[in-house]
1. Look at the stretch 536-571 and say how many of its residues are more than 18 Å from LEU485 (Cα to Cα) and either within 26 Å of the chain's Cα centre (by Cα) or charged (D, E, K, R) (or both).
2. Given (1) at pLDDT 95 or above; (2) buried (at least 23 other Cβ atoms within 10 Å of the Cβ); (3) assigned by TED's automatic domain parsing to the domain that holds HIS167, where does THR62 come up short, assuming only one miss?
3. Which condition breaks for GLN135 when tested against (1) under 25 Å from ILE232 (Cα atoms); (2) in a loop (DSSP other than H, G, I, E, B)?
4. Can you tell me which condition GLU514 does not meet? The list is (1) under 30 Å from GLY122 (Cα atoms); (2) over 27 Å from the mean Cα position of the chain (by Cα); (3) not aromatic (Phe, Trp, Tyr), and all the others hold.
5. Of the residues that make up the stretch 457-475, is at least one assigned to a loop (DSSP other than H, G, I, E, B) and of a type in the set (Gly, Ala, Ser)?
6. Please go through the stretch 216-239 and pick out each residue that is part of a loop (DSSP other than H, G, I, E, B) and within 16 Å of the chain's Cα centre (by Cα).
7. Could we say that VAL448 is without any contact (Cβ under 8 Å) to a residue 12 or more places away in the chain and under 16 Å from LEU361 (Cβ atoms) here?
8. Could you run through the stretch 481-497 and say how many residues are surrounded by fewer than 16 Cβ atoms within 10 Å (Cβ to Cβ), more than 21 Å from the chain's Cα centre (by Cα) and within 18 Å of ALA282 (Cα to Cα)?
Amino acid sequence: MTNNHLMATNISARAYPAEIAATLSEGGMHPVLARIYAARGVQRASQLTTSLSALISPEQLTNASHMANILADAITQQKRLLIVADYDADGATACAVGIRGLRSFGAVVDYLVPNRFDHGYGLTPEIVRIAAEKQPDFIITVDNGIASIDGIDEANHLGISVLVTDHHLAGEALPAATCIVNPNAPACNFPSKNLAGVGVIFYVMLALRAELRKRGLFDVNPEPKLTDLLDIVALGTVADLVKLDDNNRILVDQGLKRIRAGLACPGIQALLRIAGRESKRASTYDLGFALGPRLNAAGRLEDMALGIECLLATDPKIAHEIALKLDQMNRSRREIEADMQDSALASLESIKVAEGYSLCLHDPNWHQGVIGILASRLKEKYHRPTFIFASSNDGKLKGSGRSIHGLHLRDALDIVAKRHPEMILSFGGHAMAAGLTIQETNLDTFIVALEHTVRELLTPADLERVIETDGSLEVTETNLQLAQLLEDGIWGQGFTTPSFEGDFMVAHQRVVGEKHLKLKLEQDGESVEAMLFFHAEALPERITAVYQLGVNEYNGQKTTQIILKHWKIAI
């Protein structure tokens, strides 16, 4: 990231409670880490434990035990189970966890994943009719279902019981499912509302194992190790950008430990190799930016079944072949995205973006599977809530939106929908991401209505980009010990990777790999190696930089390296 954004950027140090930081530091924590954790809401060191024994009990997840009872009976009676998954990385990992877990308990289970282009999202009546051809006794939804009122009514009509596992917000009415497990359902008091879809089905598997244990199933049979699924749980949790609260950090840390120990499933190992990542140094960054996009590419461009098969593969050769296909799809996705971004930027040349509070664009040539990524890119560039629309074949537009801090995107759509009851055909999502369907003829009306609503909900100050940092580091603190501590941490959504700010002299710079800058920076007479990725133009002599502290490993030697994330000319 460079300094040439169109929107003004302010750098601000995060506030943190000094007394909590002092208490953490006095307990033996590195003082920089103490302030970093205090700024992220950690109040006591016990919150940072990643032991599985610290996980919130499945008994606290409403209906998990009830669903476990239903599933235990179904397994005993050898009923046919069919998982219906969402077509993103969370849905794919949730499906894989469900299939692997249920099969380890002896269940007869298959899966079906809707095609984004043919079927749309969720358990629709059409998907239920397709599922009925497999003659299941039960449909189990993963990462969807809480809003599938019509689809579940259709399943009930066809005599198929539906078990919903989901984490999305419920609408005004709940579907008539046989059982619903969702930490965000109105009656659920589960302490962590941030479980991803993969986390919810993992919890159901924990409850199911407890139920089967109670029934004596493992008195003669070996008990399956559900810890074997944690690498997949970690991948889905990070890729879905749910908040990494205390409970989710345990799931992610335990999954990463398995990956680093070489115990990941063949599919994850193959994806890491294809992405040029080392298993033993796997991080949340690798899960979110190397594996997640390759998995998502299948659902974006073709069929997420390929991603699911990668995670279900037991033969490393087969896993490698599928990972190669996913990698090629991801390359194609990048090319499509680059073309879409070029056309989007060209169309914005005639629009005064800074005068608006929101951004909406449509092009009939844009690929429906990539609009979410384009929305995210433009939101980052212009710091405006952004919706990108693609045409479907029936005169409708599919829209994908991304938001900025301060605007709950789904709630904003809800306001628009209530004010214009006939305009939005369907919508759903979270605070930071949402999707909707409208008639193409209603696009202009939607743009005006969204802008009006966003202006009511945001202030001009909300539209100013602020980069939050963890303050500055003393020269003596910019060392390998702290870099290693930071690299070993679990960082991500809602638990931001630490960054710092400082003024530097640019002592040396050269272009490497044709598009990156390798730098030697000086501060208070000390020098440090640095990298600025995807920027090949020379920097000025003095800069103010936002950076992350990292470990560079070369020929077995580890050194401290800082990664520049933003810079401007030092004043």
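1. 8
2. Condition (2) is where THR62 drops out.
3. Condition (1) is where GLN135 drops out.
4. Every condition holds for GLU514 apart from (1).
5. yes
6. Answer for the stretch 216-239, where residues must be part of a loop (DSSP other than H, G, I, E, B) and within 16 Å of the chain's Cα centre (by Cα): there is none.
7. yes
8. 1
The values are calculated or read from the model by the stated rules, or taken from the named source; none is laboratory data. Keep in mind that this is a model prediction, so the values were computed, not measured. When we count neighbours, we look across all protein chains shown, and the Cβ atoms used for this are built from the backbone with ideal geometry, even at glycine.
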